[in-house]
Amino acid sequence: MMNKNILYSLFCAISMFFASNAFAMCGTSTTWDLFAGQTALVGSVEVTNDMDNLYVTYSIDTVNQPHASFGTLHLWVGSDLLNLPRSGQNNSGAPIQGHFPFNVDTGGATSYTYTIAFSELSILNATAACGLPLYVVAHAEVNGVMDDAGNLSGETAYAGDHEGDGNRWWFYGIYTVQCECGEPTITSCETAYGKGNHVWTTMRRSNPESLPSLELTRNRWGWAVNMSEPGIVVNPLYAGAGLNRINNASLVGDVSINWTGTEVTVTYSLYGANMIREAHIYAGDMPPDSIAPGQYGSTAYFGEDGTTSYSETFNVTDTDGDGIWVVAHSVACY
């Protein structure tokens, strides 16, 4: 069992250092409103790029839609709308989301970013595609959409400022590939956690979402994920979320957790130029009893250059009926 008296504050202090060079995003991003059921504004979709990748970020407006979350997200990107999978003769009907090349079940996330290499779009890089208009069809299944009367429902949603044709409503946006990509820059590093459904803290001020607490500390921020049954969840990776307040944090990536019933695979995926220099993972049948990352049981170091992705698999089964527990900590540079 882990020793909860380890001084986590010391770890946080030595984690605040400067990272190595990272490529900056190019030009300016483009953002469109995300509407569910045609009329309910539930969030936004932002598109940007660096030299090698396109990034499409779906976000729920958790202030105005506090109960909303994503189910499955579908995305199509291309240089010609004639290639969009659509129903009917000559592709004249509504888009067929199930045929889109990018699909993910977020498991209830409120934010998710697709990272699409330009090579997947038959484009060499941002320089080669400079000024190229790309059509973006961003579809989402949104749960917990609240109407004016306070009723909640599941709705389909689209982002974009161009109305699609055909016999059903849909929208798309046009993103111009940016090619002024700047020189490598120095970024800072902070402690980061995969967002979970349990907190450490016993103080209300550091539990703004009123999540269940493991009561391991009075005021330190951080989360644990409890999965009650096998499946896949994808949670945002937040850096610098003091007092567990994500509005003041930096969304640097996501953490997917795939539990088969006997094994759990934890995968970090960093967005854009972000990276991690360290990863500390707890995966077990019992809840963690320490907030000290060095005591989680799995530690990986990636050196000065860091890494943009990392995955590890553990043998974990549920023997007591309360599911399994995962803590995904890292030192994230962005």
>> I'd like the distance separating the alpha-carbon centroids of segment 84-131 and segment 220-242, in whole Å.
In response: 27 Å
> What is the fewest-to-most order of D33, D50 by other Cβ atoms lying within 10 Å of their Cβ?
Replying inline: D33, D50
> So what are the ³J(HN,Hα) numbers for segment 230-241, from phi and the Karplus equation (6.51, -1.76, 1.60; θ = phi - 60°), rounded to whole Hz, Gly and Pro as x?
Replying inline: x, x, 10, 10, 10, 10, x, 9, 10, 10, x, 8
> How much net charge surrounds A300 when only the other residues with a Cβ under 9 Å from the Cβ of A300 are counted, with Lys and Arg +1 and Asp and Glu -1?
Replying inline: -2
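Please arrange L84, L152, L34, L243 by counting, for each residue, the other beta carbons lying within 10 Å of its beta carbon, fewest first.
Lowest count first: L152, L243, L84, L34.
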>> Please list, by residue number, everything in segment 41-55 whose backbone N is under 19 Å from a paramagnetic label point 7 Å out along Cα→Cβ of S119.
In response: 49-55
> Short version: ³J(HN,Hα) in whole Hz for each residue of segment 63-80, in order, from phi by Karplus 6.51 cos²θ - 1.76 cosθ + 1.60 (θ = phi - 60°), x for Gly and Pro, what are they?
Replying inline: 6, 8, 10, x, 9, 7, 7, 8, x, 8, 10, 10, 9, 10, 9, x, 8, 8
> ³J(HN,Hα) across segment 316-327 via Karplus (A = 6.51, B = -1.76, C = 1.60, θ = phi - 60°), whole Hz, x for Gly/Pro?
Replying inline: 9, 10, 9, 9, 10, x, 9, x, 10, 10, 9, 10
> So what is the relative contact order for segment 119-261, in percent, with contacts set as C-alpha pairs under 8 Å and at least six apart?
Replying inline: 17 percent
> Rounded if a/c is under 1.5, else prolate if a/b is larger than b/c, else oblate: which is segment 85-194, with a ≥ b ≥ c the root eigenvalues of its Cα gyration tensor?
Replying inline: oblate
> What's the longest piece of the chain with no exposed trypsin sites (Lys or Arg not before Pro), counting a site as exposed if DSSP puts it in a loop and it has at most 12 other beta carbons within 10 Å?
Replying inline: 1-167
>> Need the full-extension length gain, D61 to M146, defined as separation in residues times 0.36 nm minus the C-alpha distance. One decimal, nm.
In response: 29.4 nm
> Stretched out fully, how many nm does the piece from S29 to I96 gain, at 0.36 nm a residue minus the Cα gap?
Replying inline: 21.4 nm
> Rounded to the nearest 500 deg cm²/dmol, what is the calculated helix-only ellipticity per residue at 222 nm for the chain, with -39500 (n - 2.57) per DSSP H run of length n ≥ 4?
Replying inline: -500 deg cm²/dmol
> Measuring from label point to label point, each 7 Å out along Cα→Cβ, what is the I174 to N103 span in nm?
Replying inline: 2.9 nm
>> At R0 = 22 Å, how high is the FRET efficiency between L211 and I232 if r is their beta carbon distance? Nearest 0.05 is fine.
In response: 0.60
> Counting alpha carbon pairs within less than 8 Å and at least 6 residues apart, what relative contact order, in whole percent, applies to the chain?
Replying inline: 19 percent
> With charges only on Cβ, +1 for K and R and -1 for D and E, what is the dipole size of the chain about its Cα centre, in debye, rounded to 20?
Replying inline: 640 debye
>> Only counting other Cβ atoms within 10 Å, I'd like I257, I60 sorted with the fewest neighbours first.
In response: I257, I60
> Along the charge dipole of segment 30-176, which of S153, S79, Q65 sits closest to the positive end, that is, farthest toward it, with unit charges on the beta carbon of Lys, Arg, Asp and Glu (+1, +1, -1, -1)?
Replying inline: S79
>> Multiplying the sequence separation of H162 and N219 by 0.36 nm and subtracting their Cα-Cα distance, what value in nm do you get?
In response: 15.9 nm
> In percent, how large is the relative contact order of segment 30-176, given Cα pairs closer than 8 Å and 6 or more residues apart?
Replying inline: 29 percent
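Read-outs: derived from the displayed coordinates by stated rules, not from any lab. Bear in mind that the values here come from a model prediction, so they are computed numbers and not experimental data. No Cβ is skipped: glycine too gets one built from the backbone with ideal geometry, and neighbour counts run over all protein chains shown.
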